[in-house]
1. Which of the residues belonging to the stretch 147-177 are under 16 Å from residue 129 (Cα atoms) and of a type outside the set (A, V, I, L, M, F, W, C)?
2. Filter the stretch 170-194 for residues that are part of a loop (DSSP other than H, G, I, E, B) and at pLDDT below 90; which is nearest to residue 109 (Cα to Cα)?
3. Going by what's in this entry, would residue 126 be described as surrounded by fewer than 12 Cβ atoms within 10 Å (Cβ to Cβ) and β-branched (Val, Ile, Thr)?
4. List every residue pair whose Cβ atoms lie under 6 Å apart, where the two residues are 6 or more positions apart in sequence or sit on different chains, the first residue falls within the stretch 111-139 and is under 18 Å from residue 64 (Cα atoms), and the second residue, located anywhere, is modelled with pLDDT under 90 and among the aromatic types (Phe, Trp, Tyr).
5. Scan the stretch 132-149 for residues that are modelled with pLDDT under 90 and assigned to a helix (DSSP H, G or I) and jot them down.
6. Residue 92 fails exactly one of the following numbered conditions: (1) modelled with pLDDT under 85; (2) of a type in the set (A, V, I, L, M, F, W, C); (3) within 14 Å of the chain's Cα centre (by Cα). What is the number of that condition?
7. Residues in the stretch 136-151: is at least one within 14 Å of residue 105 (Cβ to Cβ), surrounded by 15 or more Cβ atoms within 10 Å (Cβ to Cβ) and of a type in the set (Val, Ile, Thr)?
Amino acid sequence: MKPWIVLLPLMILVSCNPSMKESGVSSSQATGGTGGGGSNPPPSMEPRLTKVMSYNQYNMTLSKLTGINSSRASTLFEEIKGSLPADTDIDAMTSFNLVSKTRLADFYCGLYLNDYLAKTSFTNATNMKNHLLSTFLDYDVVSPNPVFDSLVTEVDNVLANNDGQNGKIIPSMSLSANDMNKNLSIMACVTILASTHITMIE
């Protein structure tokens, strides 16, 4: 079974995204939008206009965050971009958009983790979780931001091969421990990159 099919129920549809990792790009930089110009953030009670990344913005964001040249994803991107959001209207989002976003994130995560795991050994799930969160998001391992709590829980579940319903995401008998850890790491990466923490803009 393809990881992106398994991961679809794990897609996280939560509140607006916090900033992405400083060493990577901010949401406005990643999408080619303009920054806030130093203006003060809106008051907490003021409604926010939340949007979804268009297919070009999302593809460019995944490329910048993972360091994978977008040309390596060009074949898949051309195949599925018609199923990705064409504009930033969140009301136009469909289940097909979510499936396509997950497929694209799975592709980039596969390349990213193939490169990463070739240089380092998989030590444990906690280290992998912290690596993924600190690489792609402004996540402080020492003092986690409460905004990330639900995302961290989902990543923990994925890396523990827990589908959240007392079952397994991948049957343990089907893969070696090394392959199991690699596939679960890719799924955890997709959980982050296909979550609203990355895909949504304000």
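1. Listed by number, the residues that qualify are 149, 150, 153, 154, 156, 157, 161, 162.
2. The residue in question is 170.
3. Taking the combined requirement at face value, the residue satisfies it.
4. As it stands, the answer is 133/139; 139/148, since those pairs meet every condition given.
5. Result: 146, 147, 148, 149.
6. So the condition that residue 92 fails would be (3).
7. no
The values are calculated or read from the model by the stated rules, or taken from the named source; none is laboratory data. As the structure is a prediction and not an experimental result, all values here were calculated from the model. Neighbour counts run over all protein chains shown; Cβ positions are idealised from the backbone, glycine included.
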